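Chemist: Structure provided below as structure tokens; questions to follow.
Since every read-out is calculated from the coordinates, none of them should be taken as a lab result. Note that this is a predicted model, so its numbers are computed, not measured. For neighbour counting, all protein chains shown are included, and Cβ atoms are generated from backbone atoms with ideal geometry for every residue, glycine included.
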Amino acid sequence: MVTWKGKTRGNTLGYRIFIFILKTFGLSASYFSLKFVALYFFFFSKKSYNALYFFYNRVLGYSKIKSSRSIFKNFVNLGETLLDKTAFMAGFKTKFKFDFDGENYLRDMAINTGGILISAHIGNFEMAANMLERINTKVNIIVLDAEHEKIKNLLNNVLKTTVNIIPLKNDMSHLFIINNAIENKEIICIHGDRFIDGERTIEMNFMKNKALIPAGPFHLALLYKVPVSFVFAMKDSNYKYHFYASKPKIYDVFKNRTNRNTEILGIVNDYISEFEKMIKLYPLQWFNHYQFWNK
């Protein structure tokens, strides 16, 4: 099973290239160039191809031809979301339009309690996090990425973003930052669909197959006893996104091991339910290029 190593593809050079292309040629021309990049990954990124093929062919039941076409489109869509994110944070905001479902829920969270948003590597959540500036509260994203310092410095020095990055540390110092953010009624964002080797996982039914879900994000949601919403920012067309937020729920804090197991299964099941809806609506926008299911 190919697992994630806590490091995403690309680096600051990739972002700088995107910024150069955007400023030189504009967003539309940049979209066109992505097809050539997608072809490269289609033929030479074996691990990503195999993981996506399993998803489209075995999980969704696509034919071999449809699976291959879907993989190519997935690579193209991934490139477009990266370009959109870069363009948005570099000052091209007027080009994008957004539809919002559940924005009122997040405004209530920001005013009254703060809260935790759990998403996935589907659509373009980094865009969503910056879009959340509309609710007038500080937004924090918890990351596992080993390149977080370089990316953070680039975002601060080159791009325009109001998002604060909180990297997970082995010394658990990130918990103090998260705790302060919760006390200040801020928003905490985290992904719930990836884990690294050694992290605690829970085996769940996901898209009618057995899959391992990281326990950490959901333990965090239980620990702080604040409203939890499952959120996704999906691309409907060029320059247009649709933001979805589920109705927030406060999950009872666990008092013993029995309650702990019951509560974490409850929140994970709720997450999976919302996540599966997004996958069925946007099957070409889940960018999990790692083997997710137990074969």
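Chemist: What is the sum of charges around residue 280, taking Lys and Arg as +1, Asp and Glu as -1, for the other residues whose C-beta is under 14 Å from the C-beta of residue 280? Mind dumping the intermediate values first?
Modeler: Numbers: positive: 208, 277; negative: 274, 276.
With Lys, Arg at +1 and Asp, Glu at -1, the neighbours total 0.
Chemist: Sort largest first and round to whole Å: the equivalent ellipsoid semi-axes of region 62-132, each the square root of five times a Cα gyration tensor eigenvalue. The partial results should precede the final answer.
Modeler: Numbers: eigenvalues 175, 60, 19 Å².
The answer is 30, 17, 10 Å, longest axis first.
Chemist: Moving on. If neighbour count is taken as other Cβ atoms inside 10 Å, put 103, 126 in order from fewest to most. Please report the intermediate quantities before stating the final value.
Modeler: On the way: 103 17, 126 22.
If I rank by nearby Cβ atoms, fewest first, I get 103, 126.
Chemist: If the only charges are +1 at each Lys and Arg Cβ and -1 at each Asp and Glu Cβ, what is the size of the charge dipole of region 12-285 around the Cα centre, to the nearest 20 debye?
Modeler: Values: 36 positive and 24 negative charges, 161 e Å.
Taking the Cα centre of region 12-285 as origin, the dipole is about 780 debye.
Chemist: Farthest toward the dipole's positive end in region 12-285, which of 60, 110, 127, given Cβ charges of +1 (Lys, Arg) and -1 (Asp, Glu) about the Cα centre?
Modeler: So the residue furthest toward the plus end is 60.
Chemist: Can you tell me the Rg and the Dmax, both Å, for the Cα atoms in region 12-285?
Modeler: 18.8, 59
Chemist: Quick one: if you stick a label point 7 Å off each Cα along the C-beta vector at residue 100 and residue 219, how many nm between them?
Modeler: 3.4
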